[in-house]
Amino acid sequence: MYRIVRRRELNPTVTQIEVEAPLVARKAKPGQFIILRVDEDGERIPLTVAGTDPKEGTVKVIFQVVGATTEALNHKLQGDYIQDFAGPLGVPTHTEGLKNVCVIGGGAGCAIAMPVAQEFHRLGAKVTSIIGFRNKDLLILEDEFKACSDQLIVMTDDGSYGRHGNVTIPLKEMLEAGEPFDMVIAIGPLIMMKFVVAAAKPFKVPVTVSMNPIMIDGTGMCGGCRLTLVQEDGTRVTKFACVDGPDFDGYQIDFDEAMSRSRMYFDFERHAYEEACRLFEKA
Amino acid sequence: MAVNPKKNEMPAQAPEVRAHNFNEVALGYTAEIAQDEAKRCLSCKARPCVSGCPVNIEIPDFINEIRRGDYEAAYRVITRSSSLPAVCGRVCPQESQCEAQCTLHVKAKMDPVGIGRLERFVADWHNEHSTQQPERPAPNGHKVAVVGAGPSGLTCAGDLAKKGYQVSVFEALHTAGGVLVYGIPEFRLPKAIVAREVDTLRALGVDIQTNVIIGKTLTVDELFEMGYEAVFIGSGAGLPNFMNIPGEALKGVYSANEFLTRSNLMKAYRDDPKTPIMKGGNVAVVGGGNVAMDAARTALRLGAEHVYIVYRRSMEELPARREEVEHAKEEGIDFRLLCNPTEILGYQNPDNPRDPKNGFVTGIRCIKMELGAPDASGRRRPVEIPGSEFELAVDTVVMAIGTSPNPLIKNTTEGLEVNRRGGIVVTEDGLTSRKNVYAGGDAVTGAATVISAMGAGKTAARAIDQALS
Ligand SMILES: Cc1cc2nc3c(=O)[nH]c(=O)nc-3n(C[C@H](O)[C@H](O)[C@H](O)COP(=O)(O)OP(=O)(O)OC[C@H]3O[C@@H](n4cnc5c(N)ncnc54)[C@H](O)[C@@H]3O)c2cc1C
Ligand SMILES: Cc1cc2nc3c(=O)[nH]c(=O)nc-3n(C[C@H](O)[C@H](O)[C@H](O)COP(=O)(O)OP(=O)(O)OC[C@H]3O[C@@H](n4cnc5c(N)ncnc54)[C@H](O)[C@@H]3O)c2cc1C
Ligand code: SF4
Ligand code: SF4
Ligand code: FES
């Protein structure tokens, strides 16, 4: 059992918790994730490590409530315990030799993007961050991003805060103005990452995307997290996001396939979420 | 008195009943049947059956104890060689091991003695009647780490604990048991049996730490830094293979590991699962081993209307345990032998890219095969018959075409030698190319059997004890 040491609601649907897991805290690097189960018989879900305190032995994760499991997790308060917490999993984000990067976060993807931006900042790189949300109420982590970015641009789909529009607009402007990014790192909904890749392509800037397919074990055992990379010569290669990723070269990802696969359990999930909400209403 | 040429039948749930539940299929011998079966054994002097058992259980001796009615003594004979009799009695491929060598079968061309069934009877009898708790031996002051809580790791841990070693088992998943909990389904191996074995180890003082992935959470080198004097790697062969044919990324295509893990470990077979799985419709399982049989029979129990096994060789080469194949046939699994998939077909609405049915499996295209000349393994190689393609309409496809050892530990342990197939290279004693690092089970051999994994755990425990004491 793993204790929730601190808990903070960042907005109505996004919560940050710090969990006591000393072995994970010692090891985790930006870009890696953990897999947790809220309770006995619960589902295993992956969440990105958003920070660690190795001295205290705690690991920070930030999650958005989207379904049954994240809903259940959101009902655990400070001092409560969660059943399982395993990690760190996946390959840390590649940072070597990168001096000028653009970190793009979309929605809850900002939780995954933030520790990456912080790491680049710590390493002395120039960090430009673009974070986008549907509207003002969903904004998270603005202060954290400000603290680790040389420039921060906030976008909202409806213009209720920051600039109006999606994250590709300022990216395109900067690339057109000749900003020599070594790398664009995009983390968010699949459709956003797909468009970031399309926007960067004419400028031949490398794009790293963080893939988040449905996972179970997170150790390479089930193959459920598989995705297809299309290499330059057209060969299709299967990779497991949990062990080969979650970061991949954005130009190689077959996004349409990934989007299709991510909806495999759509009906089941919606039903489970409704059940969970009903359960917690009664309680 | 003449020997009955027939093995005593195993009482079992009726096929039409069991096809719709996850309870154990085979119900086990009663004491009466066990007595009758034990009488068939000739107590052969040469003991050919013993040499057929990978861990050399003293078969005629334990059967003799059954005849005398001393089942507890029979249990003691078995546990001198095996630590998981309730498991192996159920899942061992007896027909190709101990029973294949039985005199009744070899010389008299009768059914062999039902050794596996008797072993299971003895183990179940013990579990039901014995209340003895294992005694915790006096600590000998040595610390050993075991990686992986499958049959090889659990056996190695148990043997060392009995000698007074302080043993910690590090398991990546949230439950101990390895394939016994995530792969082999409840209807063939009740999880309570595995849980009992794990509890016995805990009572012996073994510290089992779940959620620790060696190579990620901790490395093998860090285990030594933490004071462990030897490490046993029993991490299995869990990396699933795919065929690399078109359509494998469609929704409804699973590896057998994913399908079985969702059902077994994550309990998707229950009425109120938290983890989803595709149920119902028609299902094709590709492969012919135990894994394929388990996936097919699980699909049936989850509510599939029709389940195919698609296997590229013939019934004779089918590697699954005979009993499981017979059970699968009785339950109505449709065997399509000498067939190989060439493509998985999916739905795509040309007029509506947002059609929720887009991207789901609709069928599997196969080609018929015939058996040609024998290949390196001595089995006749299947070759395609040109122009013989046909399609099966299915909603789910499960790939059960084998697994390989996971490279995670190799990649994070300098100097650990592996072979071409990713198996860890070991000596006869289970010692790897790294000092004080031992390995065994599927991590060494690639996907094999429970009994051989258990045997490897025993061998390594002996070697570790010799090296450290
Ligand atoms: C490597 C990795 C890191 C992640 N890090 C974070 C993180 O730091 N913070 C965070 O809020 N979320 C993160 N996610 C997504 C998170 O795992 C899912 O939101 C979660 O599994 C949903 O579970 P649920 O039961 O609440 O919802 P479900 O009922 O399972 O799903 C509800 C909705 O979420 C979608 N969904 C389901 N699984 C995933 C998934 N794995 N990824 C994305 N969407 C999914 C479904 O399609 C559905 O629309 C990460 C995912 C991966 C693979
Ligand atoms: C569906 C199925 C049916 C089968 N049926 C039969 C049968 O009927 N008869 C038979 O004899 N055999 C059968 N087998 C094969 C048999 O189960 C295996 O040969 C046996 O379990 C191997 O044991 P093991 O201890 O080597 O590995 P496993 O049982 O695979 O256990 C390895 C354990 O190590 C853990 N692990 C892996 N990597 C790490 C890591 N880095 N850190 C920590 N832990 C790790 C895994 O999570 C797992 O729990 C079947 C296999 C499957 C999949
Ligand atoms: S362990 Fe397996 S091979 Fe050995 S006697 Fe028992 S059933 Fe036969
Ligand atoms: S070979 Fe068969 S008959 Fe002979 S001792 Fe072994 S089990 Fe009994
Ligand atoms: S989550 Fe199972 S292989 Fe990646």
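From the convex hull of the Cα coordinates of the range A:100-262, what is the mean projected area in square nanometres?
9.8 nm²
Stretched out fully, how many nm does the piece from A:THR235 to A:GLU9 gain, at 0.36 nm a residue minus the Cα gap?
76.9 nm
Which ordering of B:LYS274, B:LYS267 is given by a fewest-first count of other beta-carbon atoms within 10 Å?
Result, fewest neighbours first: B:LYS267, B:LYS274.
Using 0.36 nm per residue, how much length does the chain from B:VAL3 to B:ALA192 gain when fully extended, once their Cα-Cα distance is taken away?
Difference between extended and current length: 64.4 nm.
Measuring from label point to label point, each 7 Å out along Cα→Cβ, what is the B:GLU305 to B:THR427 span in nm?
The modelled label-to-label distance comes out at 6.1 nm.
With r defined as the distance between the Cβ atoms of B:ARG68 and B:ALA100 and R0 fixed at 25 Å, what FRET efficiency is calculated, to the nearest 0.05?
0.40
Using a simple spin-label model with points 7 Å from Cα along the Cα→Cβ vector, what separation in nm is obtained for B:ARG322 and B:HIS20?
Output for this residue pair reads 3.2 nm.
Mind telling me which of A:THR168, A:THR219, A:THR58 comes out most flexible in a GNM of chain A, alpha-carbon contacts under 10 Å?
Sorting by GNM fluctuation, first place goes to A:THR219.
Using a Förster radius of 35 Å, what is the FRET efficiency between B:LYS267 and B:ALA108 based on their Cβ-Cβ separation? Nearest 0.05, please.
0.15
For chain A, set up a GNM with springs between Cα atoms under 10 Å and report which of A:ALA147, A:ALA258, A:ALA177 has the largest fluctuation.
Taking springs between Cα atoms under 10 Å, the residue moving most is A:ALA177.
Give the dimensionless ratio obtained when the Cα radius of gyration of the protein assembly as shown is divided by 2.2 N^0.38 Å.
Against the empirical 2.2 N^0.38 Å value, I get 1.02 for the protein assembly as shown.
Only bridges whose two residues both fall in the protein assembly as shown count here: according to DSSP, what percent of them are antiparallel, nearest 5?
Looking only at bridges with both residues in the protein assembly as shown, the antiparallel portion is about 50 percent.
Nearest 500 deg cm²/dmol is fine: what mean residue ellipticity at 222 nm does chain A get from its DSSP H runs of n ≥ 4 alone, each adding -39,500 (n - 2.57), divided by its residue count?
About -8500 deg cm²/dmol.
State the answer as a single residue: which of B:ALA192, B:PRO151, A:PRO213 lies farthest towards the positive end of the charge dipole of the protein assembly as shown, with beta carbon charges of +1 for Lys and Arg and -1 for Asp and Glu, about the Cα centre.
B:PRO151
Inside 10 Å of the C-beta atoms of B:269-277, what's the mean count of C-beta atoms belonging to other chains?
5
Among B:230-237, A:18-25, how do they line up from the highest to the lowest mean number of other beta-carbon atoms within 10 Å?
Put in order of decreasing packing, that is B:230-237, A:18-25.
Provide the FRET efficiency to the nearest 0.05 for the A:ASP249-B:GLU225 pair, computing r from the beta carbons and using R0 = 45 Å.
0.80
What fraction, in whole percent, of alpha-carbon pairs in chain A exceed 31 Å separation?
Here the tail beyond 31 Å accounts for 25 percent of pairs.
For chain B, what does -39500 (n - 2.57) per DSSP helix run (n ≥ 4), summed and divided by total residues, give at 222 nm, in deg cm²/dmol to the nearest 500?
Computed ellipticity for chain B at 222 nm equals -9000 deg cm²/dmol.
Pull out the extension gain between B:ARG202 and B:ALA393, defined as 0.36 nm times the separation in residues minus the alpha carbon to alpha carbon distance; nm, one decimal.
Using 0.36 nm per residue and subtracting the Cα-Cα distance, I get 63.9 nm.
Give, as a single signed number, the net charge of other residues whose beta carbon lies under 12 Å from the beta carbon of B:PRO137, with Lys and Arg counted +1 and Asp and Glu -1.
+1
Averaged over B:251-261, how many beta carbons belonging to a partner chain fall within 10 Å of each residue's beta carbon?
Whole-number average of other-chain Cβ neighbours for B:251-261 is 4.
Taking the Cβ of B:PRO240 as the center, what net charge do the other residues with Cβ under 15 Å away carry, scoring Lys and Arg +1 and Asp and Glu -1?
-2
Averaged over A:212-220, how many beta carbons belonging to a partner chain fall within 10 Å of each residue's beta carbon?
Mean number of neighbouring Cβ atoms from other chains: 5.
Ranking B:THR30, A:THR128 by Cβ neighbours within 10 Å, fewest first, what do you get?
B:THR30, A:THR128
All of the numbers you see were taken from the coordinates with simple rules; none came from a lab. A quick note: this is a predicted structure, and the numbers were derived from the prediction, not measured. In this analysis, Cβ positions are derived from the backbone assuming ideal geometry, glycine residues included, and neighbour counts consider all displayed protein chains.
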